[in-house]
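Encoded as structure tokens, the structure appears first; notes follow it.
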Amino acid sequence: MMRPYLLGFFSAALLIAGCGNAGEDLVFPAFPEGGIAVGLYLDRDGTGTFTSLDTTFAGVRVALFAAGGVDTVRTSLTNASGVATFAPLPVGTYRIVVVRASLGDTIPVVVGDTGTIRILARPDSAGASRIVRLGYQEATVAEARAMAPGRRVMVRGVVTSPMQALRDSTMFLKDGTGFLRVTQARHRPGRTGNNFGDSVAVLGTTGSSLGQGVLLGGLVSSLGQGPAPTAEVITVEEARTARGGALDAALVQVVGTKVVDTASVTPDFRVTFASASDSMIRATALFDSLLQAPAVIFVFGRTMTVRGVLQPRGDGTWMIRPRAGSDLTLTN
């Protein structure tokens, strides 16, 4: 009788408790004679709101215009608290504009410096304030993969392999446009890892590794939790070639293969498996040392179903990297 062999180790360690960050308000002064305060912050965690992980932005020039005019009424620099003030101001309608040239090349996103602001002849409306969010360029997975190396971008997606699953801290994610490998991933303060299915925003630098587009040095913010992603079932040949590269970094599963060879790749362990119908069609799975997969279970000819993320080997082929003990099933 054949019985399934499920590796149960390590998978429980992948569940990391979430950590909430209380929002903090930018502090604006009172304007008894009429005035406008503009607060600028850098959205470091990609949440779209000002949190304790974000920072205020000093030294940015803000211009004040009459609502219908094109001439600058006044300019002001944000102070150490990230606030630019215009006071005193007469009753009227104004608009503010952040001077992009004062931000530098790395902060292309500015949200909140549009529309008008009114100063009225009433005690409760003599002062007004506006919060402006600054951010990094945002890109889809497909856009990030296609970008020239060295671009600083924010990518949003769903985690298919957490950063703590592999000893080199590589993380994998997907969005509606494709799949992406994130090297040397680390989480922002408050957490040490993430979960399968987490929605994340990752700030990193576009680059290339083993011939494929990646995000280098990803700094991760967890935005929410969701169900664990489902692996796509593929053939052994598709695993070997990542379907011509189209499945690079994808979460996949290969069912009912045969173990044909094993090798220690210190400190990891490599298993070569073949198609059940053709022993010449072969691919490999690399079991990370964190999984502590015992070599004795990979008996020649044993039936294996393996799940994991696809990573290039650097020779034109790909390998599957299982993420947890539950990614492997051995029978007979």
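Here are some notes:
- Taking every alpha-carbon pair under 8 Å whose residues sit at least 6 apart, the chain reaches a relative contact order of 16 percent.
- Comparing Val200, Val27, Val132 in a Gaussian network model of the chain, where Cα atoms under 10 Å apart are tied by springs, the biggest mean-square fluctuation is seen for Val27.
- Under-5 Å amide H pairs with Ile117, H placed in peptide plane, nonlocal only: Tyr94, Arg95
- Expected 222 nm ellipticity per residue - DSSP helices of 4 or more, -39500 (n - 2.57), all of the chain, to 500: -1000 deg cm²/dmol
- Sites listed here are chymotrypsin sites (Phe, Trp or Tyr not before Pro) in the range 251-300 whose DSSP assignment is loop and whose Cβ has at most 15 other Cβ atoms within 10 Å: Phe300.
- The Cα-based radius of gyration of the range 169-268, divided by its Kirkwood radius, gives an Rg/Rh of 1.00.
- Residue-count net charge about Thr72 - beta-carbon cut-off 12 Å; Lys, Arg +1, Asp, Glu -1: +2
- Within the chain, longest stretch clear of exposed GluC sites (Glu not before Pro) (DSSP loop, no more than 16 other Cβ within 10 Å): 34-332
- Of the options (i) 0.99; (ii) 0.93; (iii) 1.16, only one is Rg/Rh (Cα atoms, Kirkwood Rh) as computed from these coordinates, and that is (iii).
- Cβ-to-Cβ counts within 10 Å put Met319, Met280, Met147, Met304 in ascending order as Met280, Met147, Met319, Met304, the fewest first.
- Kirkwood Rh and Cα Rg combined as Rg over Rh, evaluated for the range 35-135: 0.97
Every read-out reported here was derived from the displayed coordinates using simple, explicitly stated rules and does not represent laboratory data. Everything numeric in this text was worked out from a predicted model, so none of it was measured. Cβ: placed from backbone, ideal geometry, glycine included. Neighbour counts: every protein chain shown.
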